[in-house]
Amino acid sequence: MRFAIISDIHANWEALTAVLEEIDNAKVDQTICLGDLVGYYANPNECLQIIRQRKMTCIAGNHDRVAAGIKEPTWFGPAAKQAIYWTRKHLTEDNRQFLERLPITESIDHRFLVVHASLTPEPNEDIYVNSKDVLRDCFKRLIQFSPALNVCFFGHTHRSVAYESKGGVISILESPKVRLDRNAHYLINPGSVGQSRDHDPRAAFLIFDSEEETIEFRRVAYDVTSCWRKAAEAGLLYRQGLLSRLDNWVETCKDVLTFRRVT
């Protein structure tokens, strides 16, 4: 089967629709979303409508659980906190309940696991896999789950990356297309659809072919200006932290930045 793995949409309708167009052209069998469907941007209900219409398999991210009222944004930064309070006010009750029901983790096709953030100490939606210790503990946890499950897809960091553990050695795989080894274990992040943070502003996702045992990282341009305009009109770019991040992001990425106008 061919799976599209997406994550961290953050209510960015322009990025989501651009990615789904690419996914449709890639003729995948199933699309899996690793959470953070909402937060930061101004189209939570529109994004959730698309996701629900397509009957995507989704798990909960930390923004989803906070938006649903399961927990409070205690550790959120100012921009994220402001956006989540706005999202709570604008979500339909049906969509709030949809987010509330999302699980933390899933086993897909008896072949791989999905989680929004870390597998340790238990599958969760808020611990970043961004240190050697957490990465090592996650691989230990993955190995404990089942001999048949040697791949786990995760999100939360907004950075595309593939880690391989084989014979106790952990490596970062640099190639945009990777053939997996059945004798190794993998932790793989498709990157963020709605808010990339790895110096490439385009929306990120990946294709996993379980028969060919390959993953392929992909990028697609989208209408950034429309997304930001709506966020600004909603008051979601008021906080200086997010506004500065966006300005720095454009300056850093201007060589690869492509504006895609959605009509």
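The values are calculated or read from the model by the stated rules, or taken from the named source; none is laboratory data. Fair warning: this is a prediction, and the values are worked out from it, not measured in the lab. Please note: Cβ atoms are built from the backbone with ideal geometry, for glycine as well, and neighbour counts cover all protein chains shown.
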Among the residues that make up segment 81-93, is at least one of them among the charged types (D, E, K, R), surrounded by fewer than 24 Cβ atoms within 10 Å (Cβ to Cβ), out of contact with any Pro (no Cβ under 9 Å at 6 or more places or on another chain) and closer than 25 Å to I188 by Cα? no
Is at least one residue of segment 197-209 part of a loop (DSSP other than H, G, I, E, B), at pLDDT 95 or above and not polar (S, T, N, Q)? yes
From the list K132, K81, K89, K71, which residue is among the charged types (D, E, K, R) and closer than 30 Å to K166 by Cα? K132
What do you reckon, is D223 in contact with an Asp or Glu (Cβ under 9 Å, 6 or more places away or on another chain) and touching a residue at least 24 places away in the same chain (Cβ under 8 Å)? yes
Could you grab the pairs with beta carbons closer than 6 Å, sequence gap of 6+ or different chains, first residue in segment 3-22 and under 18 Å from A117 (Cα atoms) and at pLDDT 95 or above, second one part of a loop (DSSP other than H, G, I, E, B) and hydroxyl-bearing (S, T, Y)? D8/S192; H10/Y40; H10/Y41
Would you confirm, using the coordinates I've provided, whether R54 is touching a helix residue (DSSP H, G or I) at 6+ places or on another chain (Cβ under 9 Å), surrounded by fewer than 22 Cβ atoms within 10 Å (Cβ to Cβ), under 21 Å from L236 (Cβ atoms) and at pLDDT 95 or above? no
Among residues belonging to segment 121-142 that are buried (at least 20 other Cβ atoms within 10 Å of the Cβ) and not aliphatic (A, V, I, L, M), point out the one that is farthest from D36 (Cα to Cα). F139
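Among what's in segment 156-179 and is under 15 Å from I143 (Cβ atoms) and of a type outside the set (D, E), pick the residue that is nearest to the chain's Cα centre (by Cα).
Among them, the one singled out is Y163.
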Does R229 fit the bill of being charged (D, E, K, R), under 19 Å from G35 (Cα atoms), at pLDDT 50 or above and surrounded by fewer than 18 Cβ atoms within 10 Å (Cβ to Cβ)? no
